[in-house]
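Structure, as structure tokens:
Every number here is computed from the coordinates shown, using simple stated rules; none is lab data. Because the structure is predicted, anything quoted here is derived from the model rather than measured. Please note: Cβ atoms are built from the backbone with ideal geometry, for glycine as well, and neighbour counts cover all protein chains shown.
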Amino acid sequence: MTIPNAYSSPHIDALRDDLVGGKPQSLAAFWQQVHEQGTPLIEPLPNDDRHVLVTFLWRGSAETRNVVVSGGVADYEVVDDFVQHQIMSLSIHFNQTSSIL
């Protein structure tokens with residue numbers, strides 16, 4: 001899956017690698033970490049001291065079809081930029097953007 005953003009989250013990348021590598025227990029560990037640390041995920045951007053990578057998460061179910069971030073950072077003229085993307089048909093839906101510190 002290609003992230004439509006110029007950056008990728010180390011947390012999301014590591015989870016995807018673990019799942020592809022046959023470590024399904026990584027999903028529960030990921031959600032436990034999210035529960036403890038909260039959301040959105042805030043991660044540094046390489047070679048950029050002014051901005052951070054902000055990853056919005058939604059824990060979906062088998063019935064979840066789509067998730068959209070609205071309000072705040074969302075620009076209603078470009079809704080497609082705020083549609084969340086699903087990892088491997090699992091419970092994780094995410095969207096990423098950069099933000100000034």
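Multiplying the residue separation of residue 23 and residue 37 by 0.36 nm and removing their Cα-Cα distance gives an extension gain of 2.9 nm. For 59, 16, 50, the sequence from fewest to most other C-beta atoms within 10 Å is 50, 59, 16.
Of the residues 43, 63, the one with the fewest other Cβ atoms within 10 Å heads the list, and the complete ranking is 63, 43.
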